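Report on one structure; see the data block that follows.
No lab work stands behind these numbers, since they all come straight from the coordinates. Given the structure is predicted, the values throughout are model-derived calculations rather than measurements. All Cβ positions, glycine included, derive from the backbone under ideal geometry; neighbour counts span all protein chains shown.
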Amino acid sequence: INATTNAVALDLTPGPTDPDLVTQIIGGVQLVESEVDGSSRPKNFRVNAFAADRDMRWPFVTTRTADGGPVFYGAVPGTGKEINLSRTQGELFGLPLVYGDSVRGRLGAYAGSTARMFAGDWSQFAWGFADSISVRLSSEATVGGVSMFQTNQIAVLAECTFGWIVADPEAFVRYTIA
């Protein structure tokens, strides 16, 4: 997904002349959905969800309108649509929004990329297991210093290979911080 050429650098400069975050995000959506891309083939993509790094919660919480009101808030408190920093899912412009560390690529010791959010036509993304799932049982194994035989337990080892594919990277837009 990060291979897309559709990119928007979000300007999150604080102050009385805040750039319009809504306009910037919608501009990225237009990059995906616009029929005018310089190629001869129509795009036919429709953004149907957002995936954002957890760090993007703060710009959503702190972005204000010119008169100081919040830009992103729930219509009715208690509906589950209000800003809640402990949630990993929400909505952005009526579309699903999922937060996760893997959006930025921060996995294990890898520091990640500059991407902070993606919007896209997620029908162009597929994942599944690439081979059979093998399962083995053992009552003689020792797991973590515990003998399965002596404690009348069974250890289960299940293995499979998962894979994913992006049919067309241009079905997505990458948002970074300017």
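For D11 and N48, the FRET efficiency from 1/(1 + (r/R0)^6), where r spans their Cβ atoms and R0 equals 25 Å, is about 0.45.
Amide H to amide H distances under 5 Å link T176 with V8, A9, L10, R116, where only residues 5 or more positions off or on other chains count and H is placed in the peptide plane. A simple rule links phi to the HN-Hα coupling: the Karplus curve 6.51 cos²θ - 1.76 cosθ + 1.60 with θ = phi - 60°, which for region 153-160 gives 10, 10, 9, 10, 10, 10, 10, 7 Hz, with x for Gly and Pro.
Couplings for region 126-142, taken from phi via the Karplus curve 6.51 cos²θ - 1.76 cosθ + 1.60 with θ = phi - 60°, read 9, 9, x, 8, 8, 8, 6, 9, 9, 10, 10, 10, 8, 9, 9, 5, 10 Hz in order; Gly and Pro are left as x. Taking amide H as placed 1.01 Å from N in the peptide plane, N48 has its amide H under 5 Å from the amide H of G120, D121, W122, each at least 5 places away in sequence or on another chain.
Taking label positions 7 Å along the Cα-Cβ direction at both E140 and E91, the computed distance is 5.8 nm, reported to one decimal.
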